[in-house]
Amino acid sequence: MTEIADAHVKIYFRLDIGEDDWPPTSVESLWAVDLGDGQVRLDNVPFFVRGVACGDVVTVRPDDEGQLWAGEIVRRSENCTVRLIVTRDGGSAAARQAVLRAFDRLGVEGEGIERFGMVALDVPPAADLGKVRKLLDHGVAEEWWHMEEGCVTDEWCALDGS
């Protein structure tokens with residue numbers, strides 16, 4: 001994610017809350033770069049929105065109060081969004097930071113939030129997807145975290161758990 005500057009705007013996504021009360025909110029906001037002509041490029045990793053990744057270009061439409069609401073995806077970034085609920089050490093700040101450092105070594109950036117002990121990872125296409133997937137699967141097997149694939153590419157799916 002880049003530094004938040006004047007070209008950045010908040011984009012809002014409506015979420016459907018499931019029977020299991022997840023996600024825990026009906027709206028998530030993301031930072032995005034305003035590209036003009038009603039389009040933005042997402043500039044942070046979603047914690048709850050499914051089907052989008054950092055770098056995706058989406059249409060936006062303002063409501064009566066000027067808030068920008070996400071519309072259709074115009075262009076995919078080819079990044080993947082993977083979310084973890086860190087269970088190691090109760091999802092402590094130190095545990096979340098250790099997870100972020102481990103994935104950073106593989107070229108994967110991310111963000112953590114204290115609530116729910118979550119980490120959201122932005123997996124770029126240039127990362128070694130096999131190594132990233134291996135670490136993710138290892139962490140699940142060791143019960144260090146629970147994993148959700150929020151937005152994945154065909155290349156990611158082709159790994160088939162290897």
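The values are calculated or read from the model by the stated rules, or taken from the named source; none is laboratory data. As the structure is a computational prediction, the values presented were derived from the model and not from experiment. Note that each Cβ is placed from the backbone with ideal geometry, even for glycine, and that neighbours are counted across all protein chains shown. To get the accessible areas, we keep the full protein, side chains included, count just its heavy atoms, and leave off ligands, DNA and RNA. Shrake-Rupley method; radii C 1.70, N 1.55, O 1.52, S 1.80 Å.
3J(HN,Hα) along the stretch 45-51, derived from phi through the Karplus expression 6.51 cos²θ - 1.76 cosθ + 1.60 where θ = phi - 60°, amounts to 8, x, 8, 10, 5, 9, x Hz, with x in place of Gly and Pro. Relative to the dominant Cα principal axis of the chain, helix 93-104 is inclined by about 90°.
Distance in nm between label sites at residue 8 and residue 143, each 7 Å beyond Cα in the beta-carbon direction? With each label point 7 Å from Cα toward Cβ, the separation is 3.8 nm.
Its Cα centre serving as origin, the stretch 8-151 has a Cβ charge dipole (Lys and Arg +1, Asp and Glu -1) of approximately 480 debye. The angle between the Cα long axis of helix 129-141 and the main principal axis of the chain comes to about 60°, on a 0 to 90 degree scale. Karplus-based coupling profile of the stretch 23-29, in residue order and whole Hz: x, x, 8, 9, 9, 10, 9, with θ = phi - 60° in 6.51 cos²θ - 1.76 cosθ + 1.60 and x standing for Gly or Pro. Taking 7 Å along the Cα-to-C-beta vector as the label spot, tell me the residue 35-residue 128 distance in nanometres, rounded to one decimal. With each label point 7 Å from Cα toward Cβ, the separation is 3.2 nm.
Which percent of the accessible area of the stretch 73-145 is formed by carbon and sulfur heavy atoms (probe 1.4 angstrom)? The nonpolar share, carbon plus sulfur, comes to 49 percent. In the set [x] 2, 9, 17, 21, 19, 16, 10, 4, 1, 0; [y] 2, 7, 12, 16, 17, 16, 13, 9, 5, 2, 1, 0; [z] 2, 8, 15, 18, 17, 13, 9, 6, 4, 3, 2, 2, 1, 1, 1, 0, 0, the label that goes with P(r) over Cα pairs in 5 Å bins from 0, in percent computed for this structure is [x]. Looking at the stretch 47-162, the accessible area is 55 square angstrom per residue; that uses a 1.4 Å probe and ignores ligands, DNA and RNA.
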